[in-house]
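First up is the structure itself, then whatever we jot down about it.
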Amino acid sequence: MATQSSRSAARIMMAPAVFLLLVWMLVPLSLTLILSFKRFLPLRGDRIGERGDGFGDFLLDYITGFPTLDWVGFQNFASFASSGAFADAVVTTLVIVGGVLAVSVIFGILLAMLLDQPMWGQGVVRILVIAPFFVMPTVSALVWKNMFMDPTNGLFSHLWRAFGADPVVWLSDVPMFSLILIISWQWLPFATLILLTAFQSLDSEQLEAAEMDGAGPFARFFFIALPHLSRAITIVILIQTIFLLAVFAEIFVTTGGAFGTRTLTYLIYQRVLESQNIGLGSAGGVYAIILANIVAIFLMRIVGKNLDR
Amino acid sequence: MGRITLQKVQKKFGDVEVIPPLDLEINDGEFVVFVGPSGCGKSTLLRLIAGLEDVSGGQINIDGEDATMVPPAKRKLAMVFQSYALYPHMTVRKNIAFPMRMAKMDPAEQNKRIENAAAALNLTDYLDRRPGQLSGGQRQRVAIGRAIVREPAAFLFDEPLSNLDAALRVGMRMEIGELHKKLDTTMIYVTHDQVEAMTMADKIVVLRAGHIEQVGSPLELYRTPRNTFVAGFIGSPKMNLIEGAAAAEHNAQTIGIRPEHLDVSTTAGKWEGTVGVAEHLGSDTFIHIHGIEGCDPMTVRAGGEVSVKHGDTVFLTPQAEHLHRFDAEGLRIA
Amino acid sequence: MARAVTTPRKALNTAIAWTIGILIFFPILWTVLTSFKTEAEAIANPPVFLFFDWTLENYGVVQERSNYMRFLWNSVIIAGGSTILGIIIAVPAAWSMAFVPSKRTKDILLWMLSTKMLPAVGVLYPIYLLCIELGVLDNRYALVVILMLINLPIIVWMLYTYFREIPGEILEAARMDGASLKDELLYVLTPMAVPGIASTLLLNFILAWNEAFWTLNLTSVDAAPLTAFIASYSSPEGLFFAKLSAASTMAIAPILILGWFSQKQLVRGLTFGAVK
């Protein structure tokens, strides 16, 4: 509802953001898509046109679909999907995502409930709990890996020895557990904060009404609080899933993908940048995009509904 | 000067025609009230005049000039919004000064006008406060102050009193009325409250679904409503509209009689009914009477001291000279 | 209104909450403490908690050996530059969508969000390739642009949700008062939106500062920010706990402080206004 002139002004003002994001989305996506149908092994001499020809020639190559690279149809997709590494990576990814989600949602609810109680120094506790979220992923991975999980000098090994037990070699003996621990430590604050916000928006009169209706504490939690939280929980799950599917630095710094901790993201990274099998990696990338989009659709539904209010 | 003429003005949102083409003339110095139920298009009409919405067709003339395509700021109109729309980060003084600052007016003149407006609106002590520190009535006055200093050709008010409590509303109603007398500038005022319309207007425009149902002075509308809609909308309590045999007696589809034009008797009268609820207001008593054919309940406005109670049988007689007759289309029969 | 609770109950809550809070915070606390220890104290068994010889030596060594300042400066440029650039592009866009919504506004917003969900690894090679072809691999300005694009959807969204809370009537009042589009943005919208813009700035600075996919994969020497600097401690310097801690503390301290200010906005920013 506005006048014509403000509408056209609006369109102009929106244009840069829309244009940039459009380019940012379409160009890399189309490149990935094209390359996923190509044989492209730079280490074996495959080249995009002639190198050093400048960006204009690259653009020409891009528009013509990189004629110097062999078209291999769906071969990359087939070999990526049929390799054992792919199946393992999918399982690893699901375990990490599922594990971190379970930890952060369950403990997040408990922590949010706790923080919602009256206490002294609530603000400070909140700050303590939220802090890990602000730690850069490489730092948290490194601190956990060395200072806590190091089998000789880590704090855990000291602790284990103090009880007369043999120190655990965390990252190779129980690598998945360790990774889930590290990543959960980073994401628990996020879940807690969002759930706490949701808790605080719960109308206390509703709870009091339920109490008057004879609902005990558990009934109040399950019939009033939990349904109220369901939306926030869904959002936590969806957003975290998107971020967790893309977990990279934590693995890069700790195990480097060894000991069965190679997630889909990490596998693609290795195919693309380490073994330089671009076609195969790009096919993997397409799989990753599809996977993320499935989650994204659900998230967008919820967010979209919220826009209509 | 503030003479505003609408010719065939029309507004569509997409395919929905909110305001079918309408004509309206507003004379200089007139206090015009647009009234109607919510969703009748009265605010849209005001926003079209303000220039906040583009018309889909037709022409708006302000002081004889075609203003249809003129941007809002250039129409020499000032508007007071329902939410007051004060700038929260500016003091009262800066809020009032804003339109003058935008017009790059001489600062000395700006100050003079601010002082005058503040004095007129009892805001002098609050000039350095921010809107957040003011009461609803004070905010309202700041919004009016911001409109006054521009010395506009006409003031536009969009339901300005609906966010105030009942007592303040009565006070502000009178203040706005006073202001109009003092400034003698055209004012267009939108409200859904027919009491505001009746008490303030020189001319009332009754709107329904974008159509003008009737234009006239408050008393004209009260005395000779053009159709059943206006008859039911203007006046409080509402006019009783009676259908059926009683109406047929007067060769009409519907007859209307206002609650204050019914005589009550406990012994004899034209219509017999049973008392439902009696609302005692002190000065008046509104009695809702059931069991009268064609109009249930019928409302009567009786004296404050009338003592009837629930279940009593009463008799009503309409005052013949105040009877309104309407045809099958709901239009008044002269 | 929350009802008053008994003091013992409150004391119990406090004790439990503080215990858990400190437990969660402990890795950070321990890192900071360790950064002030000597290497021997850092790995001592039993560990020393507070009573050791506090020293600043590690900070000096880290700076000297790795030119910490260069990484810090890169982080500041990349995080700050991408955030400011993003805000400049996003403010007009968010203004349009909040105050002149059209039928497509919702679709555009959701589409923008969907670009944020594109998994980075899916476009890793294309971006890498483009950087090579444009000659901007290991270039901080390339990272400024890339991180700006990554965070642009969040910035637009956050600003949009803040702007939407500003009543449109106020902007219409300004228009009636004779403000041009520029005046309206400058004198009315921006001052009212300052808190929203500030928190958007803050949160996105943090997100960009901690971004560890592109910064690790597209930099090597010249443009490497703190994420890469820390990753280089992965081995073998990582075994020097005190120095590792000093480096880590320097990398996270500024952002922790900023982060504490932005915790309220965090929820809004990261849930795209869906949880308030």
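Per-residue answers, yes or no, for (1) open to solvent by 60 Å² or more (accessible area, probe 1.4 Å); (2) at pLDDT 90 or above:
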{"residue": "B:HIS250", "(1), (2)": "no, no"}
{"residue": "B:ARG258", "(1), (2)": "no, yes"}
{"residue": "B:ALA268", "(1), (2)": "yes, no"}
{"residue": "B:VAL275", "(1), (2)": "no, yes"}
{"residue": "B:MET298", "(1), (2)": "no, yes"}
{"residue": "B:ALA302", "(1), (2)": "no, no"}
{"residue": "B:GLN319", "(1), (2)": "no, yes"}
{"residue": "B:ILE333", "(1), (2)": "no, no"}
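Which one of the conditions (1) open to solvent by less than 10 Å² (accessible area, probe 1.4 Å); (2) within 12 Å of chain A (Cβ to nearest Cβ); (3) in contact with a Lys or Arg (Cβ under 8 Å, 6 or more places away or on another chain) does C:LEU159 fail to meet, given that it meets all the rest?
Tallying (1) open to solvent by less than 10 Å² (accessible area, probe 1.4 Å); (2) within 12 Å of chain A (Cβ to nearest Cβ); (3) in contact with a Lys or Arg (Cβ under 8 Å, 6 or more places away or on another chain), C:LEU159 fails exactly one: (3).
Can you report the number of residues in the range B:300-313 which are of a type outside the set (Lys, Arg) and closer than 19 Å to B:PRO237 by Cα?
Count: 7.
Is it the case, given these coordinates, that A:PHE66 is outside the structural domain of A:GLN186 (by TED's automatic domain parsing), within 28 Å of A:THR265 (Cα to Cα), buried (at least 16 other Cβ atoms within 10 Å of the Cβ) and in contact with a helix residue (DSSP H, G or I) (Cβ under 9 Å, 6 or more places away or on another chain)?
Yes.
Which of the numbered conditions does A:ILE96 fail, given that it passes all the others? Conditions: (1) more than 10 Å from every other protein chain (Cβ to nearest Cβ); (2) of a type in the set (Val, Ile, Thr); (3) open to solvent by 10 Å² or more (accessible area, probe 1.4 Å).
(3)
If we only count strands (runs of 3 or more DSSP E) wholly inside the range B:22-102, which ones have 3 or more residues that are within 14 Å of chain C (Cβ to nearest Cβ)?
B:77-80
Could you check the range B:215-229 and list, in sequence order, the residues that are under 19 Å from B:TYR189 (Cβ atoms) and touching a residue at least 60 places away in the same chain (Cβ under 8 Å)?
Listed by number, the list holds a single entry, B:VAL215.
With C:MET148, C:MET192 as the choices, which residue is in contact with a helix residue (DSSP H, G or I) (Cβ under 6 Å, 6 or more places away or on another chain) and on the phi < 0 side of the Ramachandran plot?
C:MET148
Of all the helices (runs of 4 or more DSSP H) wholly in the range C:153-231, which have at least 3 residues that are modelled with pLDDT of 85 or more?
In the range C:153-231, the matching helices (runs of 4 or more DSSP H) lie at C:168-176, C:190-210.
Take the residues of the range A:259-276 that are open to solvent by 40 Å² or more (accessible area, probe 1.4 Å) and touching a Ser or Thr at 6+ places or on another chain (Cβ under 8 Å): which is farthest from A:GLY84 (Cα to Cα)?
A:PHE259
Quick one: what pairs do we get from the range B:195-214, first residue among the basic types (Lys, Arg), second in a helix (DSSP H, G or I), C-beta under 8 Å, 6+ apart or different chains?
B:ARG208/B:PHE229
With a cut-off of at least 3 residues that are closer than 23 Å to A:SER140 by Cα and open to solvent by less than 30 Å² (accessible area, probe 1.4 Å), name the helices (runs of 4 or more DSSP H) lying wholly within the range A:164-248.
A:175-200, A:226-245
Among the residues that make up the range A:137-151, is at least one of them over 23 Å from the mean Cα position of the chain (by Cα), surrounded by fewer than 21 Cβ atoms within 10 Å (Cβ to Cβ) and farther than 19 Å from A:ALA249 by Cα?
Scanning the range A:137-151 turns up at least one residue that is over 23 Å from the mean Cα position of the chain (by Cα), surrounded by fewer than 21 Cβ atoms within 10 Å (Cβ to Cβ) and farther than 19 Å from A:ALA249 by Cα.
Restricting to the range A:235-269, give me the number of residues that are closer than 18 Å to A:MET300 by Cβ, at pLDDT below 80 and more than 8 Å from every other protein chain (Cβ to nearest Cβ).
1
Please state which one of A:ILE12, A:ILE48 is outside any helix (DSSP H, G or I) and within 10 Å of chain C (Cβ to nearest Cβ).
Sole residue among the options that is outside any helix (DSSP H, G or I) and within 10 Å of chain C (Cβ to nearest Cβ): A:ILE48.
If we keep just the residues of the range C:128-152 that are within 19 Å of A:ALA17 (Cα to Cα) and at the interface with another protein chain (Cβ under 7 Å from one of its Cβ atoms), which is most open to solvent (accessible area, probe 1.4 Å)?
Here the residue is C:LEU149.
Return the total of residues in the range A:157-187 being within 30 Å of A:ILE235 (Cβ to Cβ), aliphatic (A, V, I, L, M) and within 14 Å of chain C (Cβ to nearest Cβ).
3
One line per residue, one yes/no per condition, for (1) under 26 Å from C:LEU171 (Cβ atoms); (2) under 18 Å from the mean Cα position of the chain (by Cα); (3) surrounded by fewer than 22 Cβ atoms within 10 Å (Cβ to Cβ); (4) not assigned by TED's automatic domain parsing to the domain that holds B:MET79:
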| residue | (1), (2), (3), (4) |
| --- | --- |
| B:GLN10 | yes, no, yes, no |
| B:GLY14 | yes, no, yes, no |
| B:GLU30 | no, yes, yes, no |
| B:GLY51 | yes, no, no, no |
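Given B:ALA85, B:ALA103, B:ALA73, B:ALA108, which one is closer than 12 Å to C:ASP177 by Cα and open to solvent by 60 Å² or more (accessible area, probe 1.4 Å)?
Step by step, each of B:ALA85, B:ALA103, B:ALA73, B:ALA108 is checked, and only B:ALA103 is closer than 12 Å to C:ASP177 by Cα and open to solvent by 60 Å² or more (accessible area, probe 1.4 Å).
If we scan the range B:224-240, do we find a residue that is exposed (fewer than 15 other Cβ atoms within 10 Å of the Cβ) and over 30 Å from B:GLU196 (Cβ atoms)?
The answer is no; no qualifying residue exists.
Residue-by-condition table, conditions (1) surrounded by fewer than 19 Cβ atoms within 10 Å (Cβ to Cβ); (2) farther than 28 Å from B:ASN95 by Cβ; (3) in contact with a Cys (Cβ under 9 Å, 6 or more places away or on another chain):
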{"position": "B:PRO160", "(1), (2), (3)": "no, no, no"}
{"position": "B:ASP165", "(1), (2), (3)": "yes, no, no"}
{"position": "B:HIS180", "(1), (2), (3)": "no, no, no"}
{"position": "B:VAL195", "(1), (2), (3)": "yes, yes, no"}
{"position": "B:ALA209", "(1), (2), (3)": "yes, yes, yes"}
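Listed here are the residues, each with its yes/no results for (1) within 9 Å of another protein chain (Cβ to nearest Cβ); (2) on the phi < 0 side of the Ramachandran plot; (3) buried (at least 18 other Cβ atoms within 10 Å of the Cβ).
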site	(1), (2), (3)
C:ILE22	yes, yes, no
C:THR55	no, yes, no
C:TYR68	no, yes, yes
C:GLY81	no, yes, yes
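Looking at the range C:24-50, which of its residues are open to solvent by less than 50 Å² (accessible area, probe 1.4 Å), at the interface with chain A (Cβ under 7 Å from one of its Cβ atoms) and of a type outside the set (Ser, Thr, Tyr)?
Matches in the range C:24-50: C:ILE24, C:PHE25, C:PRO27, C:ILE28, C:TRP30.
Could you go through the range A:121-128 and let me know if any residue there is facing chain C (nearest Cβ under 9 Å), part of a helix (DSSP H, G or I) and open to solvent by less than 10 Å² (accessible area, probe 1.4 Å).
Looking for residues that are facing chain C (nearest Cβ under 9 Å), part of a helix (DSSP H, G or I) and open to solvent by less than 10 Å² (accessible area, probe 1.4 Å), one finds at least one in the range A:121-128, hence yes.
Here is a yes/no grid of residues against (1) at pLDDT below 90; (2) in contact with a His (Cβ under 6 Å, 6 or more places away or on another chain):
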| site | (1), (2) |
| --- | --- |
| B:ILE26 | no, no |
| B:PHE31 | no, yes |
| B:ASN61 | no, no |
| B:GLY64 | yes, no |
| B:ALA67 | yes, no |
| B:SER83 | yes, no |
| B:GLU109 | no, no |
| B:ARG113 | no, no |
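Give me a count of the residues in the range B:127-153 that are within 18 Å of B:MET172 (Cα to Cα) and either in a helix (DSSP H, G or I) or not assigned by TED's automatic domain parsing to the domain that holds B:ASN95 (or both).
Counting residues in the range B:127-153 that are within 18 Å of B:MET172 (Cα to Cα) and either in a helix (DSSP H, G or I) or not assigned by TED's automatic domain parsing to the domain that holds B:ASN95 (or both) gives 14.
The values are calculated or read from the model by the stated rules, or taken from the named source; none is laboratory data. Computed from a prediction, not measured in an experiment: that's the story for all the values here. Methodologically, a virtual Cβ is constructed for each residue, glycine included, from the backbone with ideal geometry; neighbour enumeration extends over all protein chains shown. Accessible surface areas use protein heavy atoms only, side chains included; no ligands, DNA or RNA. Shrake-Rupley method; radii C 1.70, N 1.55, O 1.52, S 1.80 Å.
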